[in-house]
Amino acid sequence: MNYEERLQNVSVLGAAGKMGSGILLLTALEMADLSLKPDNKGKKFVINAIDVSDEALSGLMKYLRAQALKAAEKKIVALRQVYKDNPALIENSEIIDQYVLDVLSVIKPSTRMESALDSMLIFEAIKEDPALKVKIFSYIRENNPNTPWFFTNTSSIPIGELDEKAKLEGRIIGFHFYNPPAIQKLVEVINAKNTLPEVNEFALAYAKNLRKVVVPSNDVAGFIGNGHFMRDILHASGEVEKLRSNFSLPEAIYAMNKISHEYLIRPMGIFQLIDYVGVDVCSYILSVMQSYKKDEKLHCPLLDQMLALGIKGGQFADGSQKDGILKYEKGKVTGVFDPGKKEYVMVSALLGKVDGALGQMPVPQPWKNVVGNPGKEEILKSWFSEIKNTDSFGANMTKAYGLRSREIGVQLVTDKVAFNEKDVNTVLLTGFFHAYGPVNDYLM
Amino acid sequence: MVAGYNTISMGTGRKEFSPKKERPGLEEYLKEAGQGTLKMIGGAGNVDECVVGNFIASRFNKQANLAGFFPFIDEGLKGKPAIRVEGACGTGALALVTGIRSVLAETAEVVLVVGVEVQNTVKAMYGADILAAAGWFKDRKEGHAYFFPGQFSDRAGAYFEKFGRDKTRKALARWYKNAIENARLCPTAQEFHNTTKDLEALAMAEPNPRGFVDYLNVFDCSKVSDGASAIAVVSEEGLKRTGIPKEQAVEIIGFGQAEGDITKKPDDPTVLDTSRQAVKNALESAGITIDKVATAEIHDCFTIAGVLAVEALGLAEHGKGPDYILEGNTARDGKFPINTTGGLIGWGHPTGATGIHQAVTILEQLTGKAGDAQIPIPADRPYGLTLNMGGNDKTLVSIVYKRGKNS
């Protein structure tokens, strides 16, 4: 079975979710492009969008229509060539409408798992629950006559375990997109011990056609991305705990968020990132990682405390940020949750004490001015050398944070999660949009 | 001609422009420009006829029958004759010529001429569909997604091939630099807020055929603009009626029109032969030669059109346009300043208004009212010239102007 045949019948499990919808979109676009090649005339391409509720699937179809339209508008120059033999399609608008229709017509929404039984390729993006994944994979393996391949988007569960428990005999690979898949360039590809080479070959070809940057990761729970992110969370919450002797909890959270955002020149602070991913998701990933790594404490009481009070974060259907540990107005952080009072304390009430304590510091350039700046290297060097030479509370916290982030990165290589430091940096640069990789010498 | 008025040319580049924010529509632009001119000529009571130039509001704004907006501009225009004319991007000058012909035919002493276009209602790839109507629709299927950029990219490619890419590419970048620097001197210009330091380096960007056309980059293209311009075409009698002194007016010394066959591809893509014909007609009609002209407003819908127009004007031999530009002749301090408020690249290109904007700029330059953009007008070269083009060198109008004098 060649590349195109493999993609003639695909299923996405968890298709209406944040990750599933993006995977579905990218795959549907790739399949529509294949179906429009002259050589493939008459061949049928189907992608089953499988999820639990009709309501979610209806929202998914709206999302897909809007995204397919955007994609068509962007590649109108190429699409005119694709449809050049159709005399009825003359104006750009006609060609764009036709392409959207062609993309949507490969997608079959379904709430029934049986829909996956004809597929040659299964993308899995359901919740991070090993038992559930194994159950579904086993069901499909037993009932699908095509011996399909399984691409799992898990960000924490070892692929080898899923392979073994679902008896897939190496027909599985970790193919971990970053959120949102339609935008983020990174894919972590994780081969389990028994993953078949042809599965890996296909994965790399598919990633290339989607114009993704591939970073291979070893099959260790959490892989590179969450391997770094989760330990970053633990560092921040540990620091928050230490700050409690002098600060209220909201003050301490605000301080660490500011350090990790502005002082470290990152796109968002650590607590904002937790809200973005979801407090519940982060907590769950930690517990999954913990179950595979007994010699390290991978548990965050602060997240538990928030979750117990119903603080979850995550996004609304339109992609805007829900309130979580932090409160947001028009995408900006305006408050911090106080578990004692069970309400948000406004940032304006925290500013005075925290900023005073952080000490006199020049303000660094914001991340967005640095990330694409050709003079980025110089800006970062000069900023961090300033941090290094300043003895203030804020500068010292920044130093500690940056050095811990570096240590985590180096450890991922020592622990043989990542093949090298460059891969760790690539993940943080492309998957987390950082302006620089964690393994650097700015603070050494 | 007297009493020129330009609205701001609105679109990307202006600080106040945001595609997501609500913006003025056709009505507001027509009203602002129309009233601007009416105020200067003593009100609607002095107007005999009205002409509105608009390319294609029927698609950008789902609005036709624009002549019906004159009484909306001013109640005093109700019941007066009005007409709408169209000749794609050459619409504005066609509207002027319509007014001129009325005055020559002595059916009117004062004609209010307004041009308008509001194009930021759709995204670029859909705007390209709409603007493609300036070409033959039967060519649309085989044309580029960005149809007109594609047409002029082909001209640029042919010119590169025939006369060398390096020199020509540098001249295109210089053209862009001159346009932006001139626009920075004119508060209504779309590029008025442009602060880029090294404009020529920016304009040397390699074309991106995957996303755009083969031989031109985005800096080679005129703007997508919303805007309106207005002016009054008056007879000597009409001028007296408005009470405006002659030296605040420009006299129309001559004009030339020429039409190319919309169904035919250019014989030689490196030549704008219809443009050349229109300029020749205009200069003959005026009884002057190009060396008597101090400044010109020419139709640089693309930088390459600027190069080709320099040759069509007879300022440089065929193949030498790039040298003429690179020697600095067309810059504001050069021998023959062109597009002194930025032209279509720098000031903007609200298609139906462009020909009128050109006339307003010449009026301002010749009467010393161009503000920061003012250039000196030598006594031995007292003329100004405009060249407005519809389609790919199809509908052409060139007009020769001179400052009015009390006799």
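The values are calculated or read from the model by the stated rules, or taken from the named source; none is laboratory data. Model, not experiment: these values are computed from the prediction. All Cβ positions, even for glycine, are placed from backbone atoms using ideal geometry, and neighbour counts span all protein chains on display. Ligands, DNA and RNA are excluded from the accessible area calculation, which covers all protein heavy atoms including side chains. Shrake-Rupley method; radii C 1.70, N 1.55, O 1.52, S 1.80 Å.
Tell me which residues, restricted to segment B:153-168, are within 17 Å of residue B:205 (Cα to Cα) and not acidic (Asp, Glu). Passing the criteria: B:153, B:156, B:157, B:160, B:165, B:167, B:168. The requirement of being closer than 21 Å to residue A:268 by Cβ, in contact with a Pro (Cβ under 8 Å, 6 or more places away or on another chain) and hydrophobic (A, V, I, L, M, F, W, C) is fulfilled nowhere in segment A:393-404; no residue meets it. Every test in (1) more than 16 Å from residue A:111 (Cβ to Cβ); (2) over 20 Å from the mean Cα position of the chain (by Cα) is passed by residue A:53 save one, and that test is (1). Would you confirm whether or not segment B:39-56 contains a residue that is surrounded by fewer than 23 Cβ atoms within 10 Å (Cβ to Cβ) and under 19 Å from the mean Cα position of the chain (by Cα)? Yes, segment B:39-56 has at least one match. Summed over segment A:174-206, residues that are outside any loop (DSSP other than H, G, I, E, B), of a type in the set (A, V, I, L, M) and surrounded by fewer than 17 Cβ atoms within 10 Å (Cβ to Cβ) total 2. Scanning segment B:121-128 turns up at least one residue that is more than 19 Å from residue B:344 (Cα to Cα), part of a helix (DSSP H, G or I), at pLDDT 95 or above and within 14 Å of chain A (Cβ to nearest Cβ). Identify, please: which residue in segment B:306-355 is of a type in the set (Phe, Trp, Tyr) and touching a residue at least 40 places away in the same chain (Cβ under 8 Å) and is, among those, nearest to residue B:218 (Cα to Cα)? Ranking the candidates gives B:347 first. Among the residues of segment A:218-231, is there at least one that is among the basic types (Lys, Arg), closer than 21 Å to residue A:425 by Cβ and surrounded by fewer than 23 Cβ atoms within 10 Å (Cβ to Cβ)? Yes, because at least one residue in segment A:218-231 is among the basic types (Lys, Arg), closer than 21 Å to residue A:425 by Cβ and surrounded by fewer than 23 Cβ atoms within 10 Å (Cβ to Cβ). Only a single item in (1) closer than 18 Å to residue A:206 by Cα; (2) open to solvent by 10 Å² or more (accessible area, probe 1.4 Å) is not met by residue A:32, and it is number (2). Within segment B:232-243, does at least one residue satisfy the condition of being farther than 20 Å from residue B:364 by Cβ and either within 14 Å of another protein chain (Cβ to nearest Cβ) or of a type in the set (Ser, Thr, Tyr) (or both)? Yes, segment B:232-243 has at least one match.
Can you confirm whether residue A:229 is closer than 27 Å to residue A:356 by Cα, within 20 Å of the chain's Cα centre (by Cα), of a type in the set (Phe, Trp, Tyr) and assigned to a helix (DSSP H, G or I)? Here the answer is no, as residue A:229 does not meet what is asked.
To keep it simple, each residue is scored yes or no on (1) open to solvent by less than 50 Å² (accessible area, probe 1.4 Å); (2) away from chain A (no Cβ under 14 Å).
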residue	(1), (2)
B:99	yes, yes
B:105	no, yes
B:115	yes, yes
B:139	yes, no
B:143	yes, no
B:152	yes, yes
B:158	yes, yes
B:161	no, yes
B:169	yes, yes
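Kindly provide the set of residues from segment A:279-326 that are touching a Leu at 6+ places or on another chain (Cβ under 7 Å) and of a type in the set (A, V, I, L, M, F, W, C), ordered by number. Selection gives A:279, A:282, A:286, A:289, A:298, A:300.
Rundown of residues vs (1) hydroxyl-bearing (Ser, Thr, Tyr); (2) farther than 27 Å from residue B:161 by Cα; (3) away from chain A (no Cβ under 14 Å), yes/no style:
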{"site": "B:173", "(1), (2), (3)": "no, no, yes"}
{"site": "B:196", "(1), (2), (3)": "yes, yes, yes"}
{"site": "B:201", "(1), (2), (3)": "no, no, no"}
{"site": "B:212", "(1), (2), (3)": "no, no, no"}
{"site": "B:221", "(1), (2), (3)": "no, no, yes"}
{"site": "B:230", "(1), (2), (3)": "no, yes, yes"}
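Flag not set for residue B:131, criterion: at pLDDT 95 or above, away from every other protein chain (no Cβ under 14 Å) and in a helix (DSSP H, G or I).
Of the residues making up segment B:64-76, those that are assigned to a helix (DSSP H, G or I) and surrounded by fewer than 22 Cβ atoms within 10 Å (Cβ to Cβ) number 6. For segment A:149-162, state whether one or more residues are away from chain B (no Cβ under 14 Å), part of a loop (DSSP other than H, G, I, E, B), among the polar types (S, T, N, Q) and within 15 Å of residue A:26 (Cα to Cα). So far as segment A:149-162 goes, yes, one or more of its residues are away from chain B (no Cβ under 14 Å), part of a loop (DSSP other than H, G, I, E, B), among the polar types (S, T, N, Q) and within 15 Å of residue A:26 (Cα to Cα).
Say we look at segment A:100-124 and pick out the residues that are in contact with a Ser or Thr (Cβ under 8 Å, 6 or more places away or on another chain) and of a type in the set (Gly, Ala, Ser); which of these is surrounded by the most Cβ atoms within 10 Å (Cβ to Cβ)? By that ranking, first place goes to A:116.
Quick check: is even one residue across segment B:353-375 in the same structural domain as residue B:194 (by TED's automatic domain parsing), crowded, with 24+ Cβ neighbours inside 10 Å, within 15 Å of the chain's Cα centre (by Cα) and among the hydroxyl-bearing types (Ser, Thr, Tyr)? Yes: segment B:353-375 contains one or more residues that are in the same structural domain as residue B:194 (by TED's automatic domain parsing), crowded, with 24+ Cβ neighbours inside 10 Å, within 15 Å of the chain's Cα centre (by Cα) and among the hydroxyl-bearing types (Ser, Thr, Tyr).
Considering segment B:197-247, the residues that are open to solvent by 30 Å² or more (accessible area, probe 1.4 Å) and closer than 17 Å to residue B:348 by Cβ include one that is modelled with the lowest pLDDT, namely B:223.
Residues checked against (1) of a type in the set (A, V, I, L, M, F, W, C); (2) in contact with a strand residue (DSSP E or B) (Cβ under 6 Å, 6 or more places away or on another chain):
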residue: A:316; (1), (2): yes, no
residue: A:321; (1), (2): no, yes
residue: A:326; (1), (2): yes, yes
residue: A:330; (1), (2): no, no
residue: A:335; (1), (2): no, yes
residue: A:344; (1), (2): no, yes
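Condition (residue is open to solvent by less than 50 Å² (accessible area, probe 1.4 Å), in contact with a strand residue (DSSP E or B) (Cβ under 8 Å, 6 or more places away or on another chain), polar (S, T, N, Q) and within 26 Å of residue B:179 (Cα to Cα)) applied to segment B:83-94: is it met by at least one residue? There is at least one residue in segment B:83-94 that is open to solvent by less than 50 Å² (accessible area, probe 1.4 Å), in contact with a strand residue (DSSP E or B) (Cβ under 8 Å, 6 or more places away or on another chain), polar (S, T, N, Q) and within 26 Å of residue B:179 (Cα to Cα).
Those helices (runs of 4 or more DSSP H) of segment A:19-132 in which at least 2 residues are away from every other protein chain (no Cβ under 14 Å) and at pLDDT below 95, considering only elements entirely within it, cover A:54-74.
Would you please name the residue that is nearest to residue A:155 (Cα to Cα), looking only at residues in segment A:203-241 that are among the β-branched types (Val, Ile, Thr) and touching a strand residue (DSSP E or B) at 6+ places or on another chain (Cβ under 7 Å)? Residue satisfying both the conditions and the ranking: A:224.
Scanning segment B:77-108 for residues that are assigned to a helix (DSSP H, G or I) and of a type in the set (A, V, I, L, M, F, W, C) returns B:77, B:93, B:94, B:95, B:96, B:97, B:100, B:103, B:104.
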